[in-house]
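Have a look at the structure below, then the notes.
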């Protein structure tokens, strides 16, 4: 059978000789298209359906024109992987609308995705990076808690203010070209101004590279934290030496050290001793070390040549030293154009229970003048043995055979050696007890000598008067 046939019974329009390609209208308001016996297309009222298993192909060069809104597209697949382009350089698509939670998959294996997070933003899948220009400039999140911004040269932030809420960790070189303010805007100095709160103070123009300002209780401060077995240091350098001057704290022995001209010049030891030149605190009994040492108990000046201690008054007569016990002066040294006067307190307003000194000759007779030389010296001299001077006990200091001991003062101001306690005898380098030698102030014997002389004069004058009577 050839040509187009009409099957009125089945409401078909047959288009080929074997009757398997035809149009059918057996259903009210519906036209079905069969090819090779299979239904491929169905046209109904306001609807055209391409049935499952059928491919709709639009050849290259064909145009689909939309004069209104097209609804109902659920998906559109390319002809093959990487096979089609959406839009052209001259005929671009306008807008793309995706529903909440929509995902854009990139790559043959969809290794990169952009996911819409409703009412929040766009999520780039884990560990992926957003690149600019090339692979060396990008933003990525290597973990859930870290965001990296990478560039080969510079990351520039152009804004009137950058508000950082958290910790700034700088692992490389940081160059600050403007003034830095902390907590509030900095307004002092030419360099970095760290201002916690305003003190109202100004800053020295020769020391304004770093300014720390804090008006709260305790004030401002700078902390240098170091290992327990190492140093914390402030160095002063120039083009010839990067640490020509230094202030260093040694955490090993807890000493503070000061250096000038590239050498240590002074040290404060852990117990409070100030030592110049640096080293161990000077021992007044050693007789070998030279320098200056000061602590809560002693001031030691040791020198092999010239004077150990110099006091100079420049223009007029007067005092060069005064001695106090608490708030009361007990003596002084003064100079004039030709001599030095050593004065001890003797004002009547400082004294009470004043009586005449009597029986001075009897007391003088107890004195035992001696002639001797000091150990280590050949010259002999006149004098007394301290513990034998019982007639004027106030002239003698110390007690016979006294040795030095660790005291409460030592315990609070200086370190007591390990294994020693308050009250233990101090030892020298050879393990011997350290003696505390007695001394004598001969000036305190003058009053007794004067009284004894007056008594002797009185007796002489009495005898002279008796002789005169007898001779008369």
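The values are calculated or read from the model by the stated rules, or taken from the named source; none is laboratory data. Keep in mind that this is a model prediction, so the values were computed, not measured. Methodologically, a virtual Cβ is constructed for each residue, glycine included, from the backbone with ideal geometry; neighbour enumeration extends over all protein chains shown.
Structure notes:
- Test: residue in segment 235-244 that is closer than 22 Å to residue 274 by Cα, touching a strand residue (DSSP E or B) at 6+ places or on another chain (Cβ under 9 Å) and in a loop (DSSP other than H, G, I, E, B): yes
- Answer from 56, 86, 41 - the residue that is assigned to a loop (DSSP other than H, G, I, E, B), at pLDDT 75 or above and touching a strand residue (DSSP E or B) at 6+ places or on another chain (Cβ under 7 Å): 56
- Against the test of being in contact with a helix residue (DSSP H, G or I) (Cβ under 9 Å, 6 or more places away or on another chain), over 29 Å from residue 344 (Cβ atoms) and surrounded by 10 or more Cβ atoms within 10 Å (Cβ to Cβ), the options 396, 392, 422 yield a single qualifying residue, 422.
- All conditions but one from (1) more than 60 Å from the chain's Cα centre (by Cα); (2) exposed (fewer than 11 other Cβ atoms within 10 Å of the Cβ); (3) under 25 Å from residue 360 (Cα atoms) apply to residue 455; the one that does not is (2).
- Of the residues making up segment 399-419, those that are surrounded by 15 or more Cβ atoms within 10 Å (Cβ to Cβ) and modelled with pLDDT of 85 or more are 404, 405, 406.
- Condition met for residue 452 (part of a loop (DSSP other than H, G, I, E, B) and farther than 30 Å from residue 295 by Cα): no
- Residue check for residue 220: surrounded by 10 or more Cβ atoms within 10 Å (Cβ to Cβ) and in contact (Cβ under 8 Å) with a residue 24 or more places away in the chain: yes
- Residues that are within 20 Å of residue 453 (Cβ to Cβ) and either without any contact (Cβ under 8 Å) to a residue 60 or more places away in the chain or part of a loop (DSSP other than H, G, I, E, B) (or both) within segment 363-373 comprise 365, 366, 367, 368, 369, listed in sequence order.
- Residue in segment 380-389 that is closer than 24 Å to residue 298 by Cα, in contact (Cβ under 8 Å) with a residue 60 or more places away in the chain and surrounded by 11 or more Cβ atoms within 10 Å (Cβ to Cβ) present: no
- The lone criterion from (1) at pLDDT 90 or above; (2) exposed (fewer than 11 other Cβ atoms within 10 Å of the Cβ) left unmet by residue 310 is number (1).
- Which numbered condition residue 376 misses (of (1) over 20 Å from residue 449 (Cβ atoms); (2) not assigned by TED's automatic domain parsing to the domain that holds residue 449; (3) not in a helix (DSSP H, G or I)): (2)
- Answer residue from segment 270-307, given it is within 25 Å of residue 432 (Cα to Cα), in contact with a helix residue (DSSP H, G or I) (Cβ under 8 Å, 6 or more places away or on another chain) and surrounded by 15 or more Cβ atoms within 10 Å (Cβ to Cβ) and is modelled with the lowest pLDDT among those: 295
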